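Undergrad: Sending over a structure as C-alpha cells; questions will come in a sec.
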C-alpha cells in the first residue's frame, strides 16, 4: 500500500499548498464587508472545466495507483511469473505517443488561432490524427491480448497475467471514454467551420482538456508498461534493499 | 472591533441572471424527472435513499426477531439471516447515509449556501442521480435473482464471499459488486460537482473562511470519498474477475467439499487492505457532513456564534487527512506485523484530538446560549451525546490489546452503530426538520417530531447500550443463534428479547416520521422564508421554496461570516450573510 499512501500524500500536499493560500488563519468573525480578493466573479466556465478535469484526473489516478499498490503487494509472492513483452506493445506505445503529440499540436494551433487566422484546419488535422492514432492503439492492444492468449498466457493462469489484462483493459476503457469527449470536441470544431476567422475560447478549452487527458493516459500507460517490463520490480528491489 | 472597508459596498456591480448560462427546462419531464436543477436532484436522491433505507429498516427488524426469539420464526433460516445482515449493512452505510449526506444535502445546500445558481456541471449532476438509481435497482434486483442477495457480510470478505455455501453465491454477489461499481461511478460524477462548485462557484465575498461549516463538512467528505471510493471499485472489479473469469486476485488455493478448486495464490488480506482503505475514510465520509450540519444547527438554535470557527475548520481538514492512515485498525485480528498494529493504533487514537476539539466547541457554543429546544436542536444535542459515547468505545477498540478479545463480539456492533449509525442518522433527521421548511415551504408537525425524537433517541440507547454488555460477556456478532454455550448466561437471552422489542418500537417511530413528511407537505404550518431566523444564504432567497436559479435576478454578495447571531448592538439577534455593513443599526 506504499504507492497509494505516497499518492494520497502528494494530493494532501497539493491541498495543503492550496489551503495555505486561502487565508485559513483569518478571523472571519472580525471581518465585515467585502475583503481581499473577491471570489466568484473570477471563476469563468474555463477555470471550472479545468478544475473539474483536474479533480477527475486525481480520482482516476487514485484508481490506477491502487491497482499498482495491489500489484506490488501481490508480486512478491513466489508463484508470480512475469509476462513476456510482445514487440507489438512497443509499437503501440509509440502510436500512443504520436496520438498525444497530435493532440498537443491541435492545442497549440487552437491557442494560436485566437490571434491568427487559418488555424482551424490545423486543429482539425490534429484532432483527426489524435483520434486515428488512439484507435490504432486500441486495435493494437486487442492484437497484443490475442497474441498473449494464443501463446498460452491466459487471464487466469497467473496473477501477473490477470493484473496485466486488468490494468491494460481499464486503461483502454478510459481511452474509449476520452474518444467520446474527443468526438464531442470535434463536433464543436466542425460546427464552427463556417466561421473560420478566429478560434473561440470554447474550442480552445475543449481541445486543451482533451490534450491534457491524453497526456495523462499516456503517463498512466508508461507506468503500466514499466511494471510489465519489470523496471518497477527492479526499483522495488532496490528500495527494499535501501530500507532493510 | 469590526474592519469595514470603506467604499467596498458601492464598488460591487450586481451579477445579473444573464451572465450565467442555465439550462432551462421545457417540459414537465425535464423539470421534475430528468431535471438538471440541483434542488430537484437533491430531493430525488433523498427520496430514493429514504426508500431503500426503509428496506434496511425492515431487514434490521427481521434480524432482531431472529436474535431475540431464535427458532420462533420459521421463515428466517441461516441463509436469509446472513442476507439480512449483509443487505442491512451495505444499504445503510452506502445507499442511505452516504447518498443522503452527499447526494441529498450536498446537492441542496452547496449551491444555496454558497450563493450559486446551480452546480457547475448540471448535466453530469443529473447523470449522477440516474446512475445512483440504477445502482439501487441492481441491488434490489438481487432479491429476485436465483439464490437471493449475497450473505457475505457487508465487508464481502473473500474467499467466503464467492464460495459455495455462502448465500447468493450465484447471482447475489455479482449484482452487489456491479451495484457498488455503478454507485461509485455515479458518485464520482456528483462528487466532481460538489468539489468544483465549492472551489469555483462561490458568490462574491464568500471566502473559504466565510463558508458555513455544513459546506466545509460536505466538501471535505466529498474529497475523501473521491479518493477512497476507487479502492472499493478496484476491489469490486478484482472480485468480479475472481468470481466470473477464474482469476486469483484474492482467492488462495483451497479445497471445497473435498475438491481442489482451480484458484491459487491469491491474497484475501489484499482485499482487506483495499476494502478498508475505502472503509475507514467511509466512516468520516458520513461523519464530517454530520459534524458540519450539527455545528450550524447548534449555532442557529442556540442563537450564538459557533465557538472556535477556525478550529472547527482545521479539525475537519485534519480528521479528513488522518482518516487515510488508520485503515488497518480494522485488521488487527487478520494477522499483521506488531509494529504496524502499533502504528495504526497510534494514528487511530490521534484522531481523538481533532474530534475532541469539535465536541468541546459544540459544548462551548451551547454554553450561555439562548437555547431553543426545537426539534432540530434536540436531534443535534442527541448527536453530541451519542457521538461522544460511540467515540469513547472507539478508544477501547483502537488499542490492539483491547481490540483482540472484543473483536467480533457485539461490543463492536454497539460501537459502530452508536458512532456511525445512530449519530449521523440523528443529524440527518435534525437536518430534515431544519431544512424541510425551505424545501417545501411548510414546517414539519411538531408533536409528531417530539414523539419521533424521544422514541428514536431513548430507543437507540435501549437498543445499543445493552449490546456493549453483551459484547463484554463474549456474545459473538454475526451468529445466527447462540446454541448451547457455557459462557453466555441466561440474562443475555432476556436482554436480547428486550433489545428486539426496543428495535421494533424505534422502527415504528420512523414510520411516524415518514407519515409526518407526507402529512406536512399539505397540512404543515406555513413556514415563511426564514422560520429559524438563520444567517446563511439559503434562508435569504426571494422565493420559498427557491426556484430554478436559486436567487432571482441578482446573486447575493456576502459581507460577513455565517455565524453573526446575537451580535451586540444589532437590531435583530441575527445578521444575514448578505446584509451590507451599512444596513446594520449601530
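Undergrad: Scan the range B:206-220 for residues that are within 7 Å of chain A (Cβ to nearest Cβ) and either touching a helix residue (DSSP H, G or I) at 6+ places or on another chain (Cβ under 7 Å) or crowded, with 24+ Cβ neighbours inside 10 Å (or both) and jot them down.
TA: B:206, B:209, B:210
Undergrad: Could I ask something else about it? For the range B:157-166, how many residues meet the condition of being crowded, with 19+ Cβ neighbours inside 10 Å and part of a helix (DSSP H, G or I)?
TA: Counting residues in the range B:157-166 that are crowded, with 19+ Cβ neighbours inside 10 Å and part of a helix (DSSP H, G or I) gives 2.
Undergrad: If you go through the range A:75-91 one residue at a time, do you hit one that is modelled with pLDDT under 85, buried (at least 21 other Cβ atoms within 10 Å of the Cβ) and closer than 21 Å to residue A:2 by Cβ?
TA: Checked the range A:75-91: no residue is modelled with pLDDT under 85, buried (at least 21 other Cβ atoms within 10 Å of the Cβ) and closer than 21 Å to residue A:2 by Cβ.
So that you can scan it fast, the table gives a plain yes or no per residue for (1) under 22 Å from the mean Cα position of the chain (by Cα); (2) part of a loop (DSSP other than H, G, I, E, B):
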site: B:82; (1), (2): no, no
site: B:119; (1), (2): yes, yes
site: B:127; (1), (2): yes, no
site: B:133; (1), (2): yes, no
site: B:139; (1), (2): yes, no
site: B:144; (1), (2): no, yes
site: B:151; (1), (2): no, yes
site: B:155; (1), (2): yes, yes
site: B:168; (1), (2): no, yes
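Undergrad: Of the residues that sit in the range B:244-267 and are outside any loop (DSSP other than H, G, I, E, B) and over 34 Å from the mean Cα position of the chain (by Cα), which one is nearest to the other protein chains (Cβ to nearest Cβ)?
TA: B:245
Undergrad: If I ask for residues that are touching a residue at least 24 places away in the same chain (Cβ under 8 Å), out of contact with any strand residue (DSSP E or B) (no Cβ under 6 Å at 6 or more places or on another chain) and in a loop (DSSP other than H, G, I, E, B), which ones from the range B:531-551 would you list?
TA: Let us first name the residues in the range B:531-551 that are touching a residue at least 24 places away in the same chain (Cβ under 8 Å), namely B:531-541, B:544-546, B:548-551.
Remaining after also requiring out of contact with any strand residue (DSSP E or B) (no Cβ under 6 Å at 6 or more places or on another chain): B:531-532, B:534, B:536-541, B:544-546, B:548-551.
Within the range B:531-551, B:531, B:532, B:534, B:536, B:541, B:544, B:545, B:546, B:548, B:549, B:550, B:551 qualify.
Undergrad: Can we say residue A:67 is in a helix (DSSP H, G or I), facing another protein chain (nearest Cβ under 8 Å) and under 28 Å from residue A:179 (Cα atoms)?
TA: Details: in a helix (DSSP H, G or I): yes; facing another protein chain (nearest Cβ under 8 Å): yes; under 28 Å from residue A:179 (Cα atoms): yes.
It is true that residue A:67 is in a helix (DSSP H, G or I), facing another protein chain (nearest Cβ under 8 Å) and under 28 Å from residue A:179 (Cα atoms).
Undergrad: Identify, please: which residue in the range B:572-586 is in a loop (DSSP other than H, G, I, E, B) and within 12 Å of chain A (Cβ to nearest Cβ) and is, among those, farthest from residue B:310 (Cα to Cα)?
TA: B:586
Each row is one residue, and each column tells you yes or no for (1) within 30 Å of residue B:562 (Cβ to Cβ); (2) at pLDDT 95 or above; (3) more than 14 Å from chain A (Cβ to nearest Cβ).
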position	(1), (2), (3)
B:291	yes, yes, yes
B:301	yes, yes, yes
B:310	yes, no, no
B:322	yes, no, no
B:326	no, no, no
B:336	no, no, no
B:343	no, no, no
B:349	no, no, yes
B:352	yes, no, yes
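Undergrad: Among the numbered criteria (1) assigned to a helix (DSSP H, G or I); (2) touching a residue at least 40 places away in the same chain (Cβ under 8 Å), which single criterion is violated by residue B:205?
TA: (1)
Undergrad: Check off (1) surrounded by fewer than 17 Cβ atoms within 10 Å (Cβ to Cβ); (2) more than 18 Å from the chain's Cα centre (by Cα) for residue A:113 and give me the number that stays unchecked.
TA: Evaluating residue A:113 over (1) surrounded by fewer than 17 Cβ atoms within 10 Å (Cβ to Cβ); (2) more than 18 Å from the chain's Cα centre (by Cα) leaves (1) as the failure.
Undergrad: Give the range B:221-243 a look and list any residue that's more than 9 Å from every other protein chain (Cβ to nearest Cβ) and closer than 15 Å to residue B:195 by Cα, or say none.
TA: Across the range B:221-243, the qualifying residues are B:221, B:222, B:224, B:225.
Undergrad: Filter the range B:527-571 down to residues that are within 14 Å of chain A (Cβ to nearest Cβ), touching a helix residue (DSSP H, G or I) at 6+ places or on another chain (Cβ under 9 Å) and surrounded by fewer than 16 Cβ atoms within 10 Å (Cβ to Cβ), then give me how many there are.
TA: Step one: of the range B:527-571, the residues within 14 Å of chain A (Cβ to nearest Cβ) are B:535-537, B:550-551, B:554-570.
Pick out the ones that are also touching a helix residue (DSSP H, G or I) at 6+ places or on another chain (Cβ under 9 Å) and you get B:535-537, B:550-551, B:554-556, B:558-565.
The next check asks that each one be surrounded by fewer than 16 Cβ atoms within 10 Å (Cβ to Cβ); those that pass are B:554.
The qualifying residues number 1.
Undergrad: What number goes with the only condition from (1) part of a loop (DSSP other than H, G, I, E, B); (2) crowded, with 20+ Cβ neighbours inside 10 Å that residue B:516 does not pass?
TA: Unmet for residue B:516, out of (1) part of a loop (DSSP other than H, G, I, E, B); (2) crowded, with 20+ Cβ neighbours inside 10 Å: (1).
The values are calculated or read from the model by the stated rules, or taken from the named source; none is laboratory data. Quick caveat: nothing in here was measured; it's all calculated off a predicted structure. Virtual Cβ from ideal backbone geometry, glycine too; neighbours counted across all protein chains shown.
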